[in-house]
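For reference, the structure discussed in these notes is given below.
The values are calculated or read from the model by the stated rules, or taken from the named source; none is laboratory data. Since this is a predicted model, take the numbers as computed values, not measurements. Backbone-built Cβ (ideal geometry, glycine too); neighbour counts: all protein chains shown. With ligands, DNA and RNA removed, areas are computed over all heavy atoms of the protein, side chains included. Shrake-Rupley method; radii C 1.70, N 1.55, O 1.52, S 1.80 Å.
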Amino acid sequence: MKLRDTLQFSFKTVTSYPIRSFLIILAMALGVTAVVVLTALGDGARRYVIHQFSSIGTNLIIVLPGRAETAGSFPGAAMGQTPRDLTLEDARWIGQLPQVRRYAPLNVGSAELAGASRLREVTVLGGTANILPIRHMELAQGSFLAHGSQHSAQIVLGAKLAEEFFPDGNAVGQRIRLADRRFIVSGILASQGETMGYNSDEIVIIPINHAQALFDTTSLFRILIEVRNRSDILSVKEAVRQALIQRHDGEEDVTIITQDAVLATFDRILRALTLGVAGIAAISLAVAGILVMNVMLVAVSQRTSEIGLLKALGAPASDIRRLFLAEAAWLSLTGAIFGLILGYLGSLLIRLAYPQLPAWPPVWASLAGIMVALTTGIIAGLLPAARAARLDPVKALSGK
Amino acid sequence: MIQLSAITRAFHMGDQEIRALDHIDLEIVSGEYVSIMGPSGSGKSTLLNVIGLLDRPDSGRYQLDGKDVTDLTETEQARVRREKIGFVFQSFHLVPRLTAAENIELPLILTGIPPAERKTRVEQALAAFNLSERARHRPAELSGGQRQRVAIARATILRPTALLADEPTGNLDHRIGSEVMALLEDLHHTGTTLIVVTHDRELGLRAHRRIAMRDGHIVADEQ
Ligand SMILES: Nc1ncnc2c1ncn2[C@@H]1O[C@H](COP(=O)(O)OP(=O)(O)OP(=O)(O)O)[C@@H](O)[C@H]1O
Ligand SMILES: [Mg+2]
């Protein structure tokens, strides 16, 4: 029997038992759908997180006070010493390194914003003009805290706050109070929405000296450093570390993280998660495989006399085996294709429902889904096919 | 040319041994028309199955067209069956989900004949057996006589040298049965060896050579 005829004949058989075939195909399809949708979700989450990180800025090194590693390498921490402050002076020092394009010292806190008969608690960022390019933020109106204007009482409002406090849209140049201090609105941030857990539409930015005075601190929350070349990141990290050790009397009491490292870690974790989820979904494919085996075994006993006839007509055992394997392959392949379609539709629905989540099914998952469906289907068909091929023609013809 | 020598086929039921065929010697020349009769359980079907290579004897030799086929592998036997033997059964054995034309096409598919040639040959067969108008009907939509005609068309489409019919009229009324026998005899006239197992004395007597069986033995063989 020619391969083409085998495939055609078994395809006709599949269509001859529509309900039975539909049920197996459905089981297979749901398994593949699960693989596709869950990996799309996992990979979507991965991309979402990566995107969030990238939107903070690229080529970034972040310095934070205190040491995040285990106490073993730092005897001071074991004895309960509080870490030294990370100061504006430190930041300026770092800014002088030649590979550093720009740096932004940062203070964060919250305070009450009052004006135009409104009052609300807001997140306050104390920074310099550099924070804008480093954090990839843009202004919608007005100007940012100009260079050298650190000391003037200027404030930049998030888009939503500007809208709330000055619905007329004439915020720039107006006066507003932040925790009993008077500021003049110099600009409004372009609306950006949520990044990394806080909404930049609902923050205010003031010069860093004002922020430190407001929060009564000399310690920085972070120093963001943007290097000129991505390839410099590691050497700058090391240079910054050395400089700060020197400035802090020989003690390493800061944590320096590079965005690359964080990104890579998240990427690894989420990839592993996606893979794990795909594996769990693949279990439903195995269940579908068992279903295929069961149904094919039933088919063999239902079609015993037909198998006997084919043998009487001169079909060798290999032909019979191939016919049943081809049938199992058709069922699982069709199931896999429907599963892919359903999976892509499901992912589309997720993307429509959650536009921030780029839930695109990864290509590898689709291919793996089809391959696994096909292999389980064919493996599940092996036993029934072998049983059919082994049937004794005389007994099979008499229906025994 | 079919030559059986000392063919024995036994079945075991518990500790009891039933010899369905007991040292059968038989020679059937190509083109003969043979009927096999005998009481139920005398071994007629078993003999036909051995001749058709569906069943293997426990001992004895079987030569088909001068070649010993007793020890052929399963695959080789299937090939011989495909090329030289046509079966017609009492219960027709049509594939219910296939149309008449598709049932007739089966042996052509198994042999690997290309679709275009299959189509013309099936059409010829349908016409020869007066089934052209029933080509697209499924077995359930056909009468008993039509079903057996489809089965005969299928059995003969590869022009086998021997046609083995096991009670081909067993499920048909007398008139239709005679028509089917006439069809088989037509095929015999074109040179095919025809071996018919039947319970019907009248039909059996139409054969040129009549074999009678009892308890696995040939008890009469008259020309
Ligand atoms: N698969 C089997 N297992 C056990 N015994 C069998 C088997 N096939 C046939 N027999 C026995 O072998 C003997 C011959 O059977 P066979 O079918 O050849 O008879 P038959 O002449 O065709 O009978 P009938 O006219 O009823 O069809 C019977 O006694 C039967 O019971
Ligand atoms: Mg019988």
Relative to chain A, whose Cα atoms define the longest principal axis, helix A:363-390 and its Cα axis are tilted in degrees, nearest 10, by 20 degrees
With all protein chains present, calculate the accessible area of A:Arg351 using a 1.4 Å probe and round the result to the nearest 10 Å². 40 Å²
In whole Å, what three semi-axes, largest first, describe the equivalent ellipsoid of the stretch A:84-252 built from its Cα gyration tensor (square root of 5 times each eigenvalue)? 31, 17, 13
Per the 1.4 Å probe, what fraction of the accessible area of the protein assembly as shown, in percent, lies on carbon and sulfur atoms? 57 percent
Quick one: what are the phi-derived ³J(HN,Hα) couplings along the stretch B:201-212, Karplus 6.51/-1.76/1.60 with θ = phi - 60°, whole Hz, x for glycine and proline? 4, 4, 5, x, 6, 5, 6, 6, 10, 10, 10, 10
Given the pairs A:Lys395/B:Lys119; B:Lys44/B:Lys119; B:Lys67/B:Lys119; A:Lys311/B:Lys67; A:Lys311/B:Lys119; A:Lys12/A:Lys311, which are separated by over 27 angstrom at their Cα positions? A:Lys395/B:Lys119; B:Lys44/B:Lys119; B:Lys67/B:Lys119
For B:Val80, solvent-accessible area (1.4 Å; no DNA, RNA or ligand), Å²: 20 Å²
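With the cut-off at 1.5 for a/c, could you classify the stretch A:328-373 from its C-alpha gyration tensor as rounded, prolate or oblate? Could the numbers behind the result be given before it?
Details: a/c = 5.67, a/b = 2.23, b/c = 2.54.
Judged from the Cα gyration tensor, the stretch A:328-373 comes out oblate (a/c at least 1.5, b/c at or above a/b).
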Residues with beta-carbon under 14 Å from that of B:Arg206, excluding B:Arg206: net charge, scoring Lys, Arg +1 and Asp, Glu -1? -4
For a label point 7 Å from the Cα of B:Glu74 along Cα→C-beta, name the residues of the stretch A:301-317 whose backbone N is under 17 Å from it. A:301, A:304-317
Choice from B:Met37, B:Met13, B:Met181 showing the highest fluctuation, given a GNM over chain B with Cα pairs closer than 10 Å: B:Met13
Per residue, the convex hull enclosing the Cα atoms of the stretch B:99-182 spans a volume in Å³ of 94 Å³
The A/B contact buries a total accessible area, at probe radius 1.4 Å and rounded to the nearest 100 Å², of 2200 Å²
FRET efficiency for B:Val219 and B:Arg61 from the Cβ-Cβ distance with R0 = 30 Å, rounded to 0.05, comes out at 0.85
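Before I look further, what does the stretch B:2-222 give for accessible area per residue, probe 1.4 Å, in whole square angstrom?
Value returned for the stretch B:2-222: 44 Å² of accessible area per residue.
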q = 0.07, 0.11, 0.14, 0.18 Å⁻¹, the stretch B:2-222: log10 I(q)/I(0) [Debye, one scatterer per Cα]: -0.22, -0.54, -0.87, -1.34
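Okay, helix-only estimate at 222 nm for chain B: each DSSP H run of n ≥ 4 adds -39500 (n - 2.57), divide by all residues, round to 500 deg cm²/dmol; what do you get?
-11000 deg cm²/dmol
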Using a 1.4 Å probe on the heavy atoms of the protein chains only, list every residue of the stretch A:301-320 that has 50 Å² or more less accessible area in the complete assembly than in its chain alone. A:Leu309, A:Ala312, A:Leu313, A:Gly314, A:Pro316
Taking placed amide H atoms and a strict 5 Å upper bound, the residues 5 or more places from A:Gly187 or on another chain that come that close are A:Ser143, A:Ile155, A:Leu157
Once the dipole of the protein assembly as shown is set up from charges on Cβ (+1 Lys and Arg, -1 Asp and Glu), the residue from the list B:Met37, A:Ile379, B:Asn130 lying farthest towards its positive end is B:Asn130
Alpha-carbon spread of chain A, three principal axes, descending order, Å: 102, 56, 36
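Can you check what the net charge comes to around A:Ala45, using other residues whose Cβ is under 14 Å from the Cβ of A:Ala45 (Lys, Arg +1; Asp, Glu -1)?
Local net charge: +3.
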Probe 1.4 Å, accessible area per residue of chain A, Å²: 47 Å²
Whose amide H sits under 5 Å from the amide H of B:Met213, counting only residues 5 or more places off or on another chain, with H placed in the peptide plane? B:Met37, B:Gly38, B:Val219
Where in the stretch A:91-192 are there GluC sites (Glu not before Pro) that are in a DSSP coil and have at most 15 other Cβ atoms within 10 angstrom of their Cβ? A:Glu138
In a shell of Cβ-Cβ distance under 13 Å around A:Thr128, excluding A:Thr128 itself, what net charge do Lys and Arg (+1) and Asp and Glu (-1) give? +3
